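Undergrad: Mind looking over this structure? Questions follow.
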Amino acid sequence: MSERGNRKVRQGIVVSNAMDKTIVVKVVRRLRHPMYGKFINKSKNFKAHDENNSCNVGDEVRIMESRPYSKDKRWRLLETVKQAAEA
């Protein structure tokens, strides 16, 4: 059997779960400025498929690249790493 290509995996925080079966995950990367050497936080939001609507805002999750689910949803929920603290 041939193996599929390696899929990208990202870890981030859920910032929205208002849509049905969709979560918005904010992924933050730290990179060094090429000239000044200062560390900069860059963030990007990804829409991910959450089949069971199991995630809440503030959860730390791992998402994986997958087939297109909609116009701008190309990721799916892999696992919930840490639940958000109850308010």
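Undergrad: Do we have any residue at all in segment 65-73 that's surrounded by 10 or more Cβ atoms within 10 Å (Cβ to Cβ), part of a loop (DSSP other than H, G, I, E, B) and touching a Ser or Thr at 6+ places or on another chain (Cβ under 7 Å)?
TA: Checking segment 65-73: not a single residue is surrounded by 10 or more Cβ atoms within 10 Å (Cβ to Cβ), part of a loop (DSSP other than H, G, I, E, B) and touching a Ser or Thr at 6+ places or on another chain (Cβ under 7 Å).
Undergrad: From the set of residues in segment 18-36 that are in a strand (DSSP E or B) and of a type in the set (A, V, I, L, M), which is farthest from residue 74 (Cα to Cα)? Steps first, answer last, please.
TA: Step one: list which residues in segment 18-36 are in a strand (DSSP E or B), which gives 22-32.
From the residues that got through so far, the ones that are of a type in the set (A, V, I, L, M) too are 23-25, 27-28, 31.
On the way: 23: 12, 24: 12, 25: 12, 27: 15, 28: 18, 31: 24 Å.
Checking each candidate, the answer is 31.
Undergrad: Counting only residues that are in a loop (DSSP other than H, G, I, E, B) and without any contact (Cβ under 8 Å) to a residue 40 or more places away in the chain, which one in segment 37-56 is surrounded by the most Cβ atoms within 10 Å (Cβ to Cβ)? Let's see the steps before the verdict.
TA: Here is the first cut: in segment 37-56, the residues in a loop (DSSP other than H, G, I, E, B) are 37-38, 50-56.
Narrowing further to those that are without any contact (Cβ under 8 Å) to a residue 40 or more places away in the chain: 37-38, 50-54.
Working: 37: 7, 38: 7, 50: 21, 51: 8, 52: 7, 53: 12, 54: 12.
My answer is 50.
Undergrad: Continuing with this model, one more query. Do we have any residue at all in segment 28-36 that's under 15 Å from the mean Cα position of the chain (by Cα), of a type outside the set (Val, Ile, Thr), crowded, with 17+ Cβ neighbours inside 10 Å and on the phi < 0 side of the Ramachandran plot?
TA: Taking segment 28-36 first, the residues under 15 Å from the mean Cα position of the chain (by Cα) are 28-29.
Checking which are of a type outside the set (Val, Ile, Thr) leaves us with 29.
When the remaining residues are screened for being crowded, with 17+ Cβ neighbours inside 10 Å, the result is none.
The answer is no; no qualifying residue exists.
We did not get these values from a lab; they are worked out from the coordinates using the rules stated. Computed from a prediction, not measured in an experiment: that's the story for all the values here. So basically every Cβ, Gly included, is an ideal-geometry build from the backbone, and we count neighbours across all protein chains shown.
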